[in-house]
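Asker: First, the structure itself, so that you have it in front of you.
The values are calculated or read from the model by the stated rules, or taken from the named source; none is laboratory data. Keep in mind it's a predicted model, so treat the numbers as computed, not measured. Here Cβ is always computed from backbone atoms with ideal geometry, including for glycine, and neighbour counts include all displayed protein chains.
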Amino acid sequence: MSDRPTVLVIQNSKSSTLGRFEPWWQTDGLALDIVAAYDGAEIPALEGYSGLVMLGGGLMPDDDEHHGWLADERARASEAVQTELPVLGICLGGQLLAHVIGGTVRAQHGLPESGSTVLTKRAEAVDDELFGPLGDQFTAMEHRKDAITALPERAVWLASSERCPIQGFRVGERAWGLQFHPEMSGDRVSAWNRAELEGQGFDPDTLVATAAADESTSAPVWRAFARRFADVVIRSARS
């Protein structure tokens, strides 16, 4: 392990990477152990880690029959919540966190979201360490068909969008789940499958243009968000 606080990052899909969070967190003083679980890498125990990040992927959080590592990932998420280890779950990772705390995740639920999307901060988020400094509305990248449809009472519901009510939540004081992709920059949209987007009712060219237009205001928001999570990890490691 590094002498820096080390975060275990579980990658669930080849295409769902840590993105811009990787250089940002390295600058902020974190060491990152990125485990390619989708490619057969074993998910290690949490001992010695100062945080847990679970990334996205086009699968359900309990699809153990086709993705055998998910049981171990759920176990790490559950342990992290119980021990108050800082956690950030992104897209599938957020769904997995919701699943292990007793929430509900449904496949291909409601209308899909793709590209730069307007999100709304809920009143419950005002004092939240990560979401509190965000504006009342902000944009973030989305690329989803599945959705978290219910949270247990102990979770704090933090953000929503027009098509997907549960976009962000917290459980305890140090574990956050996101449906959106703050780690993803707008230039990723141009690589997405045009036929699939069109089949979902999106105009790919419009998505590319909107993402590019929003990037200059969105990127600083998520840079600061990433730094706040790094601060949580560093402070937790010192306590």
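Asker: Would the stretch 131-152 turn up any residue that is more than 30 Å from P220 (Cα to Cα) and in contact with a strand residue (DSSP E or B) (Cβ under 6 Å, 6 or more places away or on another chain)? Spell out how you get there, then give the answer.
Answerer: We begin by selecting, within the stretch 131-152, every residue more than 30 Å from P220 (Cα to Cα); these are 150, 152.
If we keep only those that are in contact with a strand residue (DSSP E or B) (Cβ under 6 Å, 6 or more places away or on another chain) too, we end up with 150.
Checked the stretch 131-152: at least one residue is more than 30 Å from P220 (Cα to Cα) and in contact with a strand residue (DSSP E or B) (Cβ under 6 Å, 6 or more places away or on another chain).
Asker: If G115 satisfies all but one of (1) surrounded by 14 or more Cβ atoms within 10 Å (Cβ to Cβ); (2) out of contact with any helix residue (DSSP H, G or I) (no Cβ under 6 Å at 6 or more places or on another chain), what's the number of the condition it fails?
Answerer: Unmet condition: (2).
Asker: Which one of these is under 27 Å from R235 (Cα atoms), surrounded by 19 or more Cβ atoms within 10 Å (Cβ to Cβ) and at pLDDT 95 or above: A159, A123? It would help to see each step written out before you state the result.
Answerer: Working: A123 fails: surrounded by 19 or more Cβ atoms within 10 Å (Cβ to Cβ).
Step by step, each of A159, A123 is checked, and only A159 is under 27 Å from R235 (Cα atoms), surrounded by 19 or more Cβ atoms within 10 Å (Cβ to Cβ) and at pLDDT 95 or above.
Asker: Identify the single condition in (1) surrounded by 21 or more Cβ atoms within 10 Å (Cβ to Cβ); (2) in contact with a Pro (Cβ under 8 Å, 6 or more places away or on another chain) that P182 does not satisfy, given that it satisfies every other one.
Answerer: (2) is the only condition that P182 fails.
Asker: Now a separate question. Failed condition for R170, given (1) of a type in the set (K, R); (2) in contact with a strand residue (DSSP E or B) (Cβ under 8 Å, 6 or more places away or on another chain); (3) in a helix (DSSP H, G or I), with all others met?
Answerer: Failing condition for R170: (3).
Asker: Sticking with this structure for a sec: So in the stretch 1-49, with the set limited to residues that are more than 18 Å from E73 (Cβ to Cβ) and among the hydroxyl-bearing types (S, T, Y), which one is surrounded by the fewest Cβ atoms within 10 Å (Cβ to Cβ)?
Answerer: S2
Asker: Going by the conditions given, is L59 among the aliphatic types (A, V, I, L, M), in a loop (DSSP other than H, G, I, E, B) and either surrounded by fewer than 19 Cβ atoms within 10 Å (Cβ to Cβ) or touching a strand residue (DSSP E or B) at 6+ places or on another chain (Cβ under 9 Å) (or both)?
Answerer: Answer is yes for this residue.
Asker: Consider E124 carefully, then state whether it is touching a residue at least 60 places away in the same chain (Cβ under 8 Å), of a type in the set (D, E) and closer than 29 Å to T217 by Cβ.
Answerer: Working: touching a residue at least 60 places away in the same chain (Cβ under 8 Å): no; of a type in the set (D, E): yes; closer than 29 Å to T217 by Cβ: yes.
No: the conditions fail for E124.
Asker: Considering only the stretch 23-54, state which residues are part of a helix (DSSP H, G or I), touching a strand residue (DSSP E or B) at 6+ places or on another chain (Cβ under 9 Å) and free of Cβ contacts under 8 Å to residues at least 40 places away in the same chain.
Answerer: Q26, A37, Y38, D39
Asker: Could you tell me which numbered condition I148 fails, if it satisfies all but one of (1) part of a loop (DSSP other than H, G, I, E, B); (2) more than 23 Å from D187 (Cα to Cα); (3) not small (G, A, S)?
Answerer: All conditions are met except number (1).
Asker: Also, quick follow-up: With respect to F169, determine if the residue is buried (at least 21 other Cβ atoms within 10 Å of the Cβ), touching a residue at least 24 places away in the same chain (Cβ under 8 Å) and under 16 Å from G93 (Cβ atoms).
Answerer: Numbers: buried (at least 21 other Cβ atoms within 10 Å of the Cβ): yes; touching a residue at least 24 places away in the same chain (Cβ under 8 Å): yes; under 16 Å from G93 (Cβ atoms): yes.
Yes; evaluated as a whole, the condition is true for this residue.
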